[in-house]
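J.: Input: one structure, supplied below.
The values are calculated or read from the model by the stated rules, or taken from the named source; none is laboratory data. Keep in mind it's a predicted model, so treat the numbers as computed, not measured. Cβ placement follows ideal geometry from the backbone for every residue including glycine, while neighbour counts extend to all protein chains displayed. The protein model used for the area step is the full one, side chains on, heavy atoms only, and it has no ligands, DNA or RNA in it. Shrake-Rupley method; radii C 1.70, N 1.55, O 1.52, S 1.80 Å.
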Amino acid sequence: MLACRIHAKEDLRIEPAEMPAPGPGEVLLRLGAGGICGSDLHYYFDGRNGSFVVREPLIPGHEASAVVEAVGPGVTRVKPGDKVAVSPSQACGRCDACREGREQLCTNMRFLGSASLFPHVQGMFREYFVMGERQCYPVGGDISLGELAFAEPLAVALHTVNRGPQLIGKSVLVTGAGTIGCLTVMAARLAGAASVTVSDVLDRPLAKAQEVGADVAVRADRDADALSKPQFDVCYEVSGSFAALKTCVAAVKRGGVVVQAGTLPHEPLPFVVNEIMAKEIDLRGVFRWGIEFDWGVRYLSARRVDVRPLLSGQFPLQDALSAFRAAADKTRNTKVQVVFA
């Protein structure tokens, strides 16, 4: 079998690997589709994702669907031939955070495709891989493997909205119109937002955001005045831009909520924190997701959300380098996936 490995900055290789075998309670999966996330791009183009540095060859990939190839002894949740969404979260289930129902804050978390630990936790950009039974979510119907691979980023968007207040009748700003931004638009609509405005610095992402439900699209680099005054009940910052966070603090109403989902650079905050105090703004962080993965699988399988407009292209795993380059071009693509050839 083949696996995609990042050895260092701009050093991605497709290499042979040993075929794994499932043990008790485990499932052998064949890759269906794997979405290339911003963190995967950082690992390839920068050799790191924030403070997580590639220190050994890393198989990226934490957004994936698969087909069950074989099951180990004792597995009852899935059977060979099933289509599954694969949860990349391996929480311990024993720490205080897990016991309080916040598994995304698990102190012993092993998250697939991440260099946060050493040895690294290898991801799913490989032809076959073994997962624990509880990480496999079987789905029937006509949903494609490409759509099913959106379960993880949709879970991020659902958790982002879930970290804010109830949205019925509320006005919302989403800064960043990439995959997570567009999915956050969908999640805000599901939650009952009365109006959704999206900002970005590129036309194509803004057009996609309107296609999936945004009411207003703003070019932040050309029309900054449109977002300079308090006007939104809730602002979701998903771009990972300090300028966008500054916009959110300015644009949220007094007593409003700003939810930070995008990963920001490790630098001082670019605004006067007194503005948070004087407006009594709630600034809330978002890290991954918890039960929202389950919700995302259900929303996708029932087509309560239609992610097909966001899927820009699929590349065979053997051509992962081209896929990464395409995924980095936001003027042409939203979500790019690698697939089993």
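J.: Among residues belonging to the stretch 291-341 that are open to solvent by 50 Å² or more (accessible area, probe 1.4 Å) and touching a Pro at 6+ places or on another chain (Cβ under 7 Å), point out the one that is nearest to V156 (Cα to Cα).
T.: Ranking the candidates gives K330 first.
J.: Please determine whether any residue of the stretch 28-42 is more than 17 Å from P88 (Cα to Cα), without any contact (Cβ under 8 Å) to a residue 40 or more places away in the chain and not polar (S, T, N, Q).
T.: The answer is yes, given that some residue of the stretch 28-42 is more than 17 Å from P88 (Cα to Cα), without any contact (Cβ under 8 Å) to a residue 40 or more places away in the chain and not polar (S, T, N, Q).
J.: From S322, S312, which residue is in a strand (DSSP E or B), under 25 Å from R204 (Cβ atoms) and of a type in the set (S, T, N, Q)?
T.: Just one listed residue meets the conditions, S312.
J.: Could you list, in sequence order, all residues of the stretch 200-257 that are outside any loop (DSSP other than H, G, I, E, B), without any contact (Cβ under 8 Å) to a residue 40 or more places away in the chain and of a type in the set (V, I, T)?
T.: V216, V218, V249
J.: For the stretch 128-140, check the following and say yes or no: at least one residue is in contact (Cβ under 8 Å) with a residue 60 or more places away in the chain and of a type in the set (K, R).
T.: no
J.: With the checklist (1) open to solvent by 50 Å² or more (accessible area, probe 1.4 Å); (2) among the aliphatic types (A, V, I, L, M); (3) touching a helix residue (DSSP H, G or I) at 6+ places or on another chain (Cβ under 6 Å) in hand, flag the one item V286 doesn't pass.
T.: Here V286 meets the rest and fails (1).
J.: How many of the residues making up the stretch 84-117 are within 21 Å of C37 (Cβ to Cβ), more than 17 Å from the chain's Cα centre (by Cα) and open to solvent by 50 Å² or more (accessible area, probe 1.4 Å)?
T.: 1
J.: Would you check if V185 is free of Cβ contacts under 8 Å to residues at least 40 places away in the same chain and out of contact with any Gly (no Cβ under 6 Å at 6 or more places or on another chain)?
T.: For V185, the condition - free of Cβ contacts under 8 Å to residues at least 40 places away in the same chain and out of contact with any Gly (no Cβ under 6 Å at 6 or more places or on another chain) - is not met.
J.: So which of V121, V68, V78 is touching a residue at least 60 places away in the same chain (Cβ under 8 Å) and out of contact with any helix residue (DSSP H, G or I) (no Cβ under 9 Å at 6 or more places or on another chain)?
T.: On inspection, the qualifying residue turns out to be V68.
J.: Considering (1) open to solvent by 40 Å² or more (accessible area, probe 1.4 Å); (2) in contact with a Lys or Arg (Cβ under 9 Å, 6 or more places away or on another chain); (3) closer than 17 Å to S171 by Cβ; (4) part of a helix (DSSP H, G or I), say which one R189 fails and leave the rest.
T.: That leaves (2) as the condition not met.
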